[in-house]
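Take a look at the structure set out below.
The values are calculated or read from the model by the stated rules, or taken from the named source; none is laboratory data. For clarity, every value in this text was computed on a predicted model and none was experimentally measured. Quick reminder, even Gly has a Cβ in these numbers, built from the backbone with ideal geometry, and neighbours come from all protein chains shown. What goes into the accessible areas is simple: the full protein's heavy atoms, side chains included, and nothing from ligands, DNA or RNA. Shrake-Rupley method; radii C 1.70, N 1.55, O 1.52, S 1.80 Å.
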Amino acid sequence: AQKVTQAQTEISVVEKEDVTLDCVYETRDTTYYLFWYKQPPSGELVFLIRRNSFDEQNEISGRYSWNFQKSTSSFNFTITASQVVDSAVYFCALSSEQFLRFNKFYFGSGTKLNVKP
Amino acid sequence: DAGVTQSPTHLIKTRGQHVTLRCSPISGHKSVSWYQQVLGQGPQFIFQYYEKEERGRGNFPDRFSARQFPNYSSELNVNALLLGDSALYLCASSLGVDDRKNTEAFFGQGTRLTVV
């Protein structure tokens, strides 16, 4: 079974604070892919990052960083020095080697991030 | 370049009616997937189409159907609408099912369906 849990329903921070969004996943597959998407109020899902199960290196991209830990089945996302434009709903998603071909993702329930000026 | 386009953007229907939602993928993309996103939840996979054939189906009733046309655009049809079908319906396109290096999915802005 594939499952993604985002325990934080909503987070509010003040601009320039750092914030970490948690993601815990469940899968029996040995090869799988993890994603983070951002959903602004306009509705479209904006791709942020994709990691495969064999690559546990943490990644930094500007103010964004991701911490992938297979031992705890977690793929957490940190925004450093948050900005008002970061306000959105963030989704963590999981796909397997089999389902990635079908664009079949298992999404978490999302974390709504509110960044206040 | 145009992204994934969906129409209409908003729609209000009455219980028991039928609805057709449309999706135009990014030029060159042959794979289209449909997702349902109920308010406050993450998107749920409904269908995937590649080269006009259904390649994947989620856990949705037979009231939901889809098809893909020769130009790779797609329609999602829902019959006998229920109140619970109210949701944002998202379409995603990607290059193709057989190219694992280029499987990034691009999503449209969705169609917000309200069933009253």
### Query
Considering protein heavy atoms only and a 1.4 Å probe radius, which residues within the stretch A:90-111 exhibit an accessible-area decrease of no less than 20 Å² in the full assembly relative to the chain by itself?
A:Phe91, A:Glu97, A:Leu100, A:Arg101, A:Phe102, A:Asn103, A:Lys104, A:Phe105, A:Phe107, A:Ser109
### Message
Using a 1.4 angstrom probe on the protein heavy atoms only, could you order B:Arg57, A:Arg51 from most to least accessible area?
### Response
B:Arg57, A:Arg51
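Could you report chain A's accessible area per residue, 1.4 Å probe, as an integer in Å²? Spell out each step's value before the answer.
On the way: 5590 Å² over 117 residues.
Here the residues of chain A average 48 Å² of exposed surface.
Using a ≥ b ≥ c from the Cα gyration tensor of chain B (square roots of the eigenvalues), is it rounded, prolate or oblate, where a/c under 1.5 gives rounded and otherwise the larger of a/b and b/c decides, a/b for prolate?
Prolate is the answer for chain B, as a/c is 1.5 or above and a/b outweighs b/c.
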### Task
Note the per residue figure in Å³ for the convex hull of the C-alpha positions in the protein assembly as shown.
128 Å³
### Net +/- balance of residues flanking B:Leu81 in space, Cβ distance below 12 Å, scoring K and R +1, D and E -1
+2
### Query
Longest exposed-loop-site-free stretch of chain A, with GluC sites (Glu not before Pro), DSSP loop and at most 16 other Cβ within 10 Å?
A:57-117
### Task
With a 1.4 Å probe on protein heavy atoms only, work out how much accessible surface B and A bury together, total over both chains, in Å² to the nearest 100.
1900 Å²
### Message
Placing unit charges on C-beta atoms (Lys and Arg positive, Asp and Glu negative, everything else neutral), compute the dipole magnitude of the stretch A:3-116 about its Cα centre in debye, rounded to 20.
### Response
240 debye
### Summary
Yeah, the stretch A:13-117 with a ≥ b ≥ c from its alpha-carbon gyration tensor (a/c under 1.5 is rounded, else prolate when a/b outruns b/c, oblate otherwise) is prolate
### Occluded residues from the stretch B:44-66, i.e. those whose accessible area drops by 20 Å² or more once the chain is not alone (1.4 Å probe)
B:Phe45, B:Gln48, B:Arg55
## Note on the structure
Which residues qualify? For B:Thr5, with a placed amide H closer than 5 Å and at least 5 residues away or on another chain, they are B:Ser24
### Task
Would you please give the residues with an amide H less than 5 Å from that of A:Ile11, counting only those at least 5 places away or on a separate chain, with H modeled from the backbone geometry?
A:Lys112, A:Leu113, A:Asn114
### Query
Ignoring any ligand, DNA or RNA, what whole percent of the accessible area of the stretch A:3-116 comes from carbon and sulfur when the probe is 1.4 angstrom?
47 percent
### Message
Among A:Tyr106, A:Asn76, A:Thr5, which residue has its Cα furthest toward the positive end of the charge dipole of the stretch A:3-116, with +1 on Lys/Arg Cβ and -1 on Asp/Glu Cβ?
### Response
A:Tyr106
### Task
Across chain A, how many lysine pairs, 8 or more positions apart or on different chains, have C-alpha atoms separated by under 26 Å? Please give the number.
14
### Task
Work from the charge dipole of the protein assembly as shown (Cβ charges, +1 for Lys and Arg, -1 for Asp and Glu, about the Cα centre) and give the residue of A:Ser65, B:Ala87, A:Asn52 farthest towards its positive end.
B:Ala87
### Message
Rolling a 1.4 angstrom probe over the protein chains, ignoring ligands and nucleic acids, what is the accessible area of B:His18 in square angstrom, nearest 10?
### Response
80 Å²
### Task
Using a 1.4 angstrom probe, figure out how much accessible area chain B has per residue, in square angstrom, rounded to the nearest whole.
49 Å²
